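Asks: Before I ask anything, here is the structure I am working with.
Every read-out reported here was derived from the displayed coordinates using simple, explicitly stated rules and does not represent laboratory data. Predicted model, so just to flag it, every value in this text is computed and none were measured. When we count neighbours, we look across all protein chains shown, and the Cβ atoms used for this are built from the backbone with ideal geometry, even at glycine.
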Amino acid sequence: MTREQKRASLVYDKIKQYENSEGEPKDYGGMALRFPALLRSAGLVQALAFVEARGKDAHKTFIHDFAAVLSELDGSGKSGKAAFDAYFEQVQGAALPEYMRMTREALAVADWFKRFAQSVLKVEPGED
């Protein structure tokens, strides 16, 4: 399995959990749609901090799932808030070359979240 296939598989597993949920899929999917642009404009640390600080539970669930996928790809296998806390600490302490690598990986994962939010959750831009 290629790295891209693994990203897609892990993200699909996360997104699929919300397919038939009440209410949360639209908020969760809306953040998944906006997150790649937020990453590009604000940077990795700022984007993570912004979403974690948001009031909606669905946004926090998204960012925790996002960090869990990255954690799984890196082999630590943490999930939920623990994955987010460990990932955030790792990103904050990264030297520039490592920070740039982490940002590229985060963008690749964020793009898969966006694709599956549109195809599985049926969330479209501007819906929220």
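Asks: Using the Kyte-Doolittle scale, which helices in the chain average at least 0.0 and also have C-alpha atoms spread 24 Å or more along the helix axis, with helices defined as whole DSSP H runs? Before the final figure, lay out each step's value.
Replies: Details: long enough: 24-42 (25 Å, -0.24); 57-74 (25 Å, 0.08); 96-119 (34 Å, -0.35).
Correct list, ordered by number: 57-74.
Asks: Next question. What does the charge count near Lys60 come to, summing +1 for each Lys or Arg and -1 for each Asp or Glu among other residues with Cβ under 13 Å from its Cβ? Could you put the intermediate results ahead of the total?
Replies: Details: positive: Arg54, Lys56, Lys81; negative: Glu24, Asp27, Glu52, Asp57, Asp65, Asp85.
For residues surrounding Lys60, the net value is -3.
Asks: Only helical DSSP H runs with n ≥ 4 go in: add -39500 (n - 2.57) per run for the chain, normalise by residue count and round the 222 nm mean residue ellipticity to 500 deg cm²/dmol. Please list the in-between numbers first.
Replies: Details: 6 runs with 98 residues, N = 128.
Counting only the DSSP helices, I get -25500 deg cm²/dmol.
Asks: Quote the relative contact order of the chain in percent (integer), defining contacts as alpha-carbon pairs under 8 Å separated by 6+ residues. Please report the intermediate quantities before stating the final value.
Replies: Values: 136 pairs, mean separation 52.5, N = 128.
The value is 41 percent.
Asks: Using the beta-carbon distance between Glu98 and Val120 and R0 = 35 Å, what value does 1/(1 + (r/R0)^6) give for FRET efficiency, to the nearest 0.05? It would help to have the intermediate numbers written out before the result.
Replies: Details: r = 32 Å, r/R0 = 0.91.
E between Glu98 and Val120, to the nearest 0.05, is 0.65.
Asks: With bins 5 Å wide starting at 0, give me the P(r) of the range 3-119 over every alpha carbon pair, in whole percents.
Replies: Answer for the range 3-119: a P(r) of 2, 12, 24, 28, 21, 9, 3, 1, 0 percent.
Asks: Then there is this: Test of understanding: given the chain, find the longest segment containing no GluC sites (Glu not before Pro) that are in a DSSP loop and have at most 13 other Cβ atoms within 10 Å. Mind showing how you got there, number by number?
Replies: Details: sites that count: Glu19, Glu22, Glu127.
That gives 23-126 as the longest site-free run.
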